[in-house]
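Trainee: Here it is, the structure in full.
The values are calculated or read from the model by the stated rules, or taken from the named source; none is laboratory data. Everything numeric here is computed off the predicted structure, so don't read it as measured data. When we count neighbours, we look across all protein chains shown, and the Cβ atoms used for this are built from the backbone with ideal geometry, even at glycine.
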Amino acid sequence: MRAILLSILITLAVSGCVRTRTVEFTPPGPESRNGASWAQMVGVNISVIDKRTDKTNIGRAQAANSDLHRFVVQSTNNPQDAIKQRVEAELRARGVNRLDGPAYLLVDILKLDSATDISNFRVGVVAEAALSAMVMGADGATRHQKIYQRKETGQGEYWTLDTVEQGAYRLQKVVAGLIQEMIDDDRLIQALIAANRGTPS
């Protein structure tokens, strides 16, 4: 009886605390694409730096008007490495096979955030990401710089303790779409071509 009572007291003591859930941060890979006409003109060295203050958390979840179900969602792997691999995969899908320069694509992670909010038996999901991309040549000259950002909201699945991470999973899709948008940017591609030729973009 004492053991049961102690268990109840411990549960009540921690119920208001923020709990942690973890996911592997793996933005889905690119779909099969035809080789781009510019791919053979581009060799690029990719560098990704995480500029976020909090480099671990990628989301949160909470039931409205309740402190009993509050979570932070953290990545089990390094988002910086995952995003670099995803950028490389996007370029390979376009036909780029030289990932050692002479051009440089410097990507800064500015924001990775998601939320799963539960209210009146409805689940709202928000995911937001921002990446800064800079193209430089071997001479160190900057040929292109732009911030790419995207925010998506939507309806989640029925909420249970097994679906706390819905926002974080949506975030991975948002990041994949943002990387595709980056490589679809004609100005970025023209800058990469110019950096390979050593000419102004």
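Trainee: Run down Gln166, Gln172, Gln149 and say which single residue is closer than 28 Å to Ala63 by Cα and touching a Phe, Trp or Tyr at 6+ places or on another chain (Cβ under 7 Å).
Mentor: Just one listed residue meets the conditions, Gln172.
Trainee: Tell me the residue from Ala138, Ala133, Ala127 that is surrounded by 13 or more Cβ atoms within 10 Å (Cβ to Cβ), touching a residue at least 40 places away in the same chain (Cβ under 8 Å) and out of contact with any Gly (no Cβ under 8 Å at 6 or more places or on another chain), please.
Mentor: The match here is Ala133.
Trainee: Do the conditions hold for Val44, that is, is it modelled with pLDDT of 95 or more and within 30 Å of Glu88 (Cβ to Cβ)?
Mentor: Criteria met by Val44.
Trainee: Report, by residue number, each residue of the stretch 91-121 that is small (Gly, Ala, Ser) and at positive phi. Before the answer, list the steps.
Mentor: First pass over the stretch 91-121, keeping only residues small (Gly, Ala, Ser): 93, 95, 101, 103, 114-115, 119.
The answer is Gly95, Gly101.
Trainee: Oh, and also: So, in the stretch 65-106, how many residues would count as being surrounded by 15 or more Cβ atoms within 10 Å (Cβ to Cβ) and acidic (Asp, Glu)?
Mentor: 2
Trainee: Name the one entry in Ile179, Ile183 that is more than 30 Å from Phe71 (Cβ to Cβ) and touching a Lys or Arg at 6+ places or on another chain (Cβ under 8 Å).
Mentor: Ile183
Trainee: Could you grab me the full set of residues in the stretch 47-59 that are touching a helix residue (DSSP H, G or I) at 6+ places or on another chain (Cβ under 8 Å) and surrounded by fewer than 20 Cβ atoms within 10 Å (Cβ to Cβ)? Don't jump to the end; show me each part of the working.
Mentor: Within the stretch 47-59, the subset touching a helix residue (DSSP H, G or I) at 6+ places or on another chain (Cβ under 8 Å) is 47-50, 55, 58-59.
Listed by number, the residues that qualify are Ser47, Ile49, Asp50, Lys55.
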